[in-house]
Ligand SMILES: Nc1ncnc2c1ncn2[C@@H]1O[C@H](COP(=O)(O)OP(=O)(O)OP(=O)(O)O)[C@@H](O)[C@H]1O
Ligand SMILES: [Mg+2]
């Protein structure tokens, strides 16, 4: 345990070594933003839309009471999406997709000696391979989460449009209610996302980078990457929520 | 010239290298030979700094490689070209990008100059019109040759080749051996070739070290290796019945 924390910290410290050539790091950064972010966009959008829709159904059936106005549904959906669903659940899903992708990519590079090849050339392999992943995710994950929020609302809206669970105007009214708080909540969600992005990419990179053995080990490490980043996300979620909302 | 002095290395208690010393000469193809598992790859990795030896020192032309700062290590590493046993090409990059990689990373050459140099190196190893393919799309032998092209791209002072011709047909194998010998002489590099192929030993072996159970067991050249009376080495050299008969006639 302490061994892992120590090695993880050492790994992170290598990220701050000055890069050999900025242009190649810049290209790597763009590459990673596309690989980690843009290629997850479709999945995020689709999941958020369905989730928004199902939240409307759930909430509407939970508060089926004459005393509570319909726009409460819209309001609740909004709160759920912004506060928990988009930052946390989508991050967990990204931990699965991006985390296993990173760990298996780096693990394969390790066992086929590609990382050794970089090191022998004199390239700081941690800075070159992992740096752009972390930096790219810190930048692109919040963007993904904003898309997720938007499409979550849209999913809910589409459901109201297609069914008659609650009137669309009521839904929209709920979404727009207490809008003075929205900024605060979105800011909070994005701060959480930045933390989660860091956890996902750095933890998965750690497990991938320090693979030893063969192809079998690559698979094991990528499972570990997903498990540990998910656990850490949920742990930090409690911590951050406590810190930020109190 | 690379001097290694008293290198020892163990993995979890098992001694893989035991007090190995040797001098690799400049402008020569220095060979490390030995059975599979005798510690050849581990020794090379210790020399280039991928593994930290438990004790001993490695000296590149008077510059000690152990106990120096990262910056100094980097400087020496930029003078090293290495061919890994399995090629270790970057699979996300094309053949051309692989060879161009060190050039883009470390040289101040323009894009055209890099392309020229890349093609020159690829021509040198007989890889033509494969520039845009990915490593997975070319044969194992070609991967090896591309890896050699990448290793020599930066005109290294020190060239390490871990089994450059395993997995190649005998004809290509000799071509690669000759190529390594040629560039070694041409650019006065210090070249270290690991092999367990007797063909290469007899073709290019100028300064040979035989590793046996992690020890430097014998040192010599391609002529003395045929007449040695070290039993372990004879068992390595004269493996087939045919060769043993040949030995008796010597
Ligand atoms: N990372 C490691 N951890 C533990 N043991 C290792 C490690 N690397 C190598 N070894 C052990 O060291 C010994 C020497 O391995 P090495 O790869 O140097 O052999 P080799 O001489 O290159 O063989 P080959 O000709 O088959 O490539 C082997 O017994 C191997 O099991
Ligand atoms: Mg080997």
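Highlighted here are the helices (runs of 4 or more DSSP H) found entirely within region A:59-168 that include at least 1 residues which are within 30 Å of residue A:188 (Cα to Cα): A:71-80, A:90-94, A:100-111, A:131-162. All conditions but one from (1) closer than 23 Å to residue B:102 by Cβ; (2) away from ligand 2 (no atom under 16 Å from the Cβ); (3) away from every other protein chain (no Cβ under 14 Å) apply to residue B:202; the one that does not is (1). Residue count for region A:184-218, restricted to those that are more than 20 Å from the chain's Cα centre (by Cα) and loosely packed, with under 15 Cβ neighbours inside 10 Å: 6. Only a single criterion out of (1) within 14 Å of another protein chain (Cβ to nearest Cβ); (2) without any contact (Cβ under 8 Å) to a residue 40 or more places away in the chain; (3) more than 14 Å from residue A:144 (Cβ to Cβ) is not satisfied by residue A:34, namely (3).
Given the options B:153, B:149, name the one that is in contact with a helix residue (DSSP H, G or I) (Cβ under 9 Å, 6 or more places away or on another chain), within 14 Å of another protein chain (Cβ to nearest Cβ), in contact (Cβ under 8 Å) with a residue 60 or more places away in the chain and more than 16 Å from ligand 2 (Cβ to nearest atom). Of the residues listed, the single one that is in contact with a helix residue (DSSP H, G or I) (Cβ under 9 Å, 6 or more places away or on another chain), within 14 Å of another protein chain (Cβ to nearest Cβ), in contact (Cβ under 8 Å) with a residue 60 or more places away in the chain and more than 16 Å from ligand 2 (Cβ to nearest atom) is B:153. Name the residue that is nearest to residue B:199 (Cα to Cα), counting only residues in region B:29-41 that are away from every other protein chain (no Cβ under 14 Å) and surrounded by fewer than 22 Cβ atoms within 10 Å (Cβ to Cβ). Once the filter is applied, the top-ranked residue is B:35. Within region B:42-68, if we keep just the residues that are within 12 Å of chain A (Cβ to nearest Cβ) and more than 22 Å from residue B:220 (Cβ to Cβ), the residue that is farthest from ligand 2 (Cβ to nearest atom) turns out to be B:49. All conditions but one from (1) more than 14 Å from chain B (Cβ to nearest Cβ); (2) surrounded by fewer than 21 Cβ atoms within 10 Å (Cβ to Cβ); (3) at pLDDT 95 or above; (4) touching a helix residue (DSSP H, G or I) at 6+ places or on another chain (Cβ under 7 Å) apply to residue A:46; the one that does not is (4). Within region B:80-99, the set of residues being facing chain A (nearest Cβ under 10 Å) and either in contact with a strand residue (DSSP E or B) (Cβ under 6 Å, 6 or more places away or on another chain) or buried (at least 20 other Cβ atoms within 10 Å of the Cβ) (or both) comprises B:80, B:81, B:82, B:83, B:84, B:85, B:87, B:88, B:89, B:98.
Considering the conditions (1) at pLDDT 90 or above; (2) more than 18 Å from residue A:115 (Cβ to Cβ), residue B:92 is excluded by exactly one of them, (2). Region B:135-250 holds helices (runs of 4 or more DSSP H) entirely within its bounds, and those carrying 2 or more residues that are surrounded by 14 or more Cβ atoms within 10 Å (Cβ to Cβ) map to B:140-152, B:170-186, B:198-204, B:224-227, B:231-237.
The values are calculated or read from the model by the stated rules, or taken from the named source; none is laboratory data. Here the structure is a predicted model, which means the values were calculated and not measured. Reconstructed Cβ throughout: ideal geometry from the backbone, glycine too, with neighbour counts over all protein chains shown.
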